[in-house]
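Reading through the structure tokens given below for one structure.
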Amino acid sequence: MPEDGTTASPARRPVPFRGGGFIVRPQRIVGSVGLIALVALWQLGSTRGWISPLMAPAPSEVIAALVVIAQDGTLATHLLASLGRIGGGWALGTLAGLAAGLAMGIFSLARAVGLPVVSALFPIPKIALLPLLILWFGIGEPSKVATIALGTFFPTVIATFSGVDGVPRSLIRMAQSFGVPPARIVWSIVLPGALPGILAGFRITASIALILVVAAEMIGAEYGIGAFILQAGNLMRTDQLLAGVVVLSILGLLVAGTLSWAERVLLRWR
């Protein structure tokens with residue numbers, strides 16, 4: 001106790017930092033190890049006879065089938081057909097969805113007209129419209145491209161509209177008070193603010209495009225990954241069937257990696 005009779009205050013302990021802000025730390029090694037472990041268990045189960053080779057061939061057999069179709073040109077023929085349909089349909093649906101979403105986010109009239117239409121049509125499974133689109137556009141490429149475009153249009157509209165609607169209105173009012181032209185406000189404030197939501201929507205629409213192209217090709221196509229998978233299933237070639245599934249998984253990973261790179265480049269200001 002001090003000489004003046006006061007009680008000594010206990011030593012202060014340093015307060016731990018609690019402002020991490022839910023920082024996302026990359027865990028690429030963990031994900032790779034988990035995937036490798038899953039494939040290893042699959043290979044072990046096939047080798048020991050726990051898994052029927054007819055139902056699920058070993059990963060080594062799937063890789064061998066993938067090498068065969070890659071060497072004889074089968075993979076390139078089907079993959080190029082699917083990529084052409086995905087590219088055309090996704091581009092059309094995305095451009096139209098961006099235009100509609102921006103209009104709905106900026107203009108009150110477009111929002112009043114567009115929201116009920118999008119809410120009514122979005123829940124309809126787009127692959128269910130393929131027979132109707134075949135009647136309109138024929139059995140060829142336009143019907144498949146239109147199916148993918150419809151499937152990507154509505155999620156793009158919703159993502160763009162939500163992103164624009166989430167831009168702080170105080171920034172827009174501040175720019176208007178300084179006399180900034182409306183076009184400049186949209187380009188410099190609205191679009192950058194809505195870009196994270198738009199890019200998140202692109203991740204969804206890219207996956208939807210992959211799903212729809214496979215479904216459309218299974219219904220009526222001679223070439224394409226979906227047609228290849230259907231043909232392999234009809235012939236009970238499960239090794240080739242799973243090889244086609246692996247190709248789709250690789251496409252999904254490539255798309256996700258490309259979008260992650262785009263986010264790092266376009267969202268550096270965050």
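The values are calculated or read from the model by the stated rules, or taken from the named source; none is laboratory data. What you are looking at is a predicted structure, and each value in this text was computed from that prediction instead of being measured. Cβ sites come from the backbone with ideal geometry, for glycine too, and all protein chains shown count toward neighbours. Protein only, heavy atoms only, side chains kept; ligands, DNA and RNA dropped before computing areas. Shrake-Rupley method; radii C 1.70, N 1.55, O 1.52, S 1.80 Å.
Filtered by the rule that a residue be farther than 18 Å from ALA58 by Cβ, open to solvent by less than 20 Å² (accessible area, probe 1.4 Å) and free of Cβ contacts under 8 Å to residues at least 60 places away in the same chain, the range 228-245 gives a lone residue, ILE229. Restrict the check to the range 62-79 and report whether at least one residue is outside any helix (DSSP H, G or I), without any contact (Cβ under 8 Å) to a residue 60 or more places away in the chain and acidic (Asp, Glu). For the range 62-79, residues outside any helix (DSSP H, G or I), without any contact (Cβ under 8 Å) to a residue 60 or more places away in the chain and acidic (Asp, Glu): present. Inside the range 82-111, residues that are under 13 Å from THR160 (Cα atoms) and without any contact (Cβ under 8 Å) to a residue 24 or more places away in the chain make up a count of 3. Among the residues of the range 69-79, those identified as touching a helix residue (DSSP H, G or I) at 6+ places or on another chain (Cβ under 8 Å) and over 11 Å from PHE228 (Cβ atoms) are ALA70, ALA76.
Against the test of being open to solvent by less than 70 Å² (accessible area, probe 1.4 Å), of a type in the set (Val, Ile, Thr) and closer than 30 Å to GLN231 by Cβ, the options THR147, THR94, THR156 yield a single qualifying residue, THR147. In a residue-by-residue description of the range 183-192, the property of being open to solvent by less than 30 Å² (accessible area, probe 1.4 Å) and at pLDDT below 90 applies to at least one position. If you filter the range 216-227 down to residues that are surrounded by fewer than 19 Cβ atoms within 10 Å (Cβ to Cβ) and closer than 16 Å to ALA146 by Cα, you find that the one that is nearest to the chain's Cα centre (by Cα) is MET218. Taking the range 246-270 as the range and being closer than 24 Å to ALA227 by Cα and open to solvent by 60 Å² or more (accessible area, probe 1.4 Å) as the test, the residues that pass are SER249, ILE250, LEU253, LEU254. Summed over the range 143-188, residues that are farther than 19 Å from ALA206 by Cα and part of a helix (DSSP H, G or I) total 18. Can you pull out every residue in the range 189-219 that is among the polar types (S, T, N, Q) and either more than 27 Å from LEU109 (Cα to Cα) or not in a helix (DSSP H, G or I) (or both)? Answer for the range 189-219, where residues must be among the polar types (S, T, N, Q) and either more than 27 Å from LEU109 (Cα to Cα) or not in a helix (DSSP H, G or I) (or both): just SER207.
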